[in-house]
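Data first, discussion second: the structure below is written as C-alpha cells.
Bear in mind these aren't lab numbers, they're just calculated from the coordinates by the rules spelled out. Being a predicted model, the structure only gives us computed values, none of them experimental. Backbone-built Cβ (ideal geometry, glycine too); neighbour counts: all protein chains shown.
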Amino acid sequence: MVGITLIGVNQLFADLDARAKDIEQKTDEAINLAGETCETEAKKRARVSKNPPPGHTHMRDRIKHTHAHLSSEVESPADYSGFNEFGTVKMSAQPFMRPGFRVSSKKLQQALRSI
C-alpha cells in the first residue's frame, strides 16, 4: 500500500482564512467610506430654504448615513425629499441623492479594485 503525506495544508488553510478576513475588512471599510462620501455629496447638493420657519430643520441636515457589516445606507427622511430629487409638475428636479451615489460608487469601485 502506498501512502501520501501532505505537508503544510493546515498552514495553507490558515493563510487563506487570514487573507479572506483581510479582504472582508478592507471591503467593509471601502463600503463605509462610500456611504460617507454619498452622504457628504448629497448634503452639498440638497436644496436649502432661504427663509425657513422657526424650528425648521433643513433637508440637508437630516440626510444620514448608517453602516453595518458590508452594508451602507444613506437616506433623506424628509417627506419632500422625493419631490426635490425628481421634481413635480410645478417644480424642476434638483437631484441630490443620485449624484451623491454616482460619486461614491465610482470611489467604491476604485477601492475594490485595489484590494
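Report, in degrees rounded to the nearest 10, the 0 to 90 angle that the Cα long axis of helix 97-114 makes with the longest principal axis of the chain.
20 degrees
Take V103, V89 and order them by how many other Cβ atoms sit within 10 Å, fewest up front.
V89, V103
According to the Kirkwood expression over distinct Cα-Cα pairs, how big is the hydrodynamic radius of the stretch 7-69, in Å?
Computed over Cα pairs of the stretch 7-69, the Kirkwood hydrodynamic radius comes out at 15.2 Å.
Quick one: order S71, S81, S104 by neighbouring beta-carbon count within 10 Å, fewest to most.
Arranged by neighbour count, lowest to highest, S71, S81, S104 become S71, S81, S104.
Along each principal axis of its Cα atoms, how long is the chain end to end? Whole angstroms, biggest number first, please.
Dimensions of the chain along the principal axes of its Cα atoms: 87, 27, 22 Å.
Roughly how tilted is helix 9-45, in degrees to the nearest 10 and between 0 and 90, from the longest Cα axis of the chain?
10 degrees
With charges set only on the Cβ (+1 for Lys and Arg, -1 for Asp and Glu), what does the dipole of the chain come to about its Cα centre, in debye to the nearest 20?
It comes to approximately 780 debye.
Say a site is exposed when it is one of the trypsin sites (Lys or Arg not before Pro), sits in a DSSP loop, and has at most 10 other Cβ atoms within 10 Å; what is then the longest site-free stretch of the chain?
It runs 1-49.
Over the Cα atoms of the stretch 60-109, what radius of gyration and what Dmax do you get, in Å?
Radius of gyration, then largest Cα-Cα span, for the stretch 60-109: 12.7, 41 Å.
Distance from a point 7 Å along Cα→Cβ of S92 to each backbone N in the stretch 38-54: keep the residues under 15 Å and list them by number.
Within reach of a label on S92, which here means backbone N under 15 Å from a point 7 Å along Cα→Cβ, the stretch 38-54 contributes 47.
Hey, if you put +1 on the Cβ of every Lys and Arg and -1 on every Asp and Glu Cβ in the chain, which of M91, T40, A14 ends up farthest toward the positive end of that dipole?
M91
Please give the length that would be gained between T66 and D17 if that part of the chain were fully extended, namely 0.36 nm times their separation in residues minus their C-alpha to C-alpha distance (nm, one decimal).
Here the answer is 14.8 nm.
What is the local net charge at C38, summed over the other residues whose Cβ is closer than 13 Å to its Cβ (Lys, Arg +1; Asp, Glu -1)?
+3
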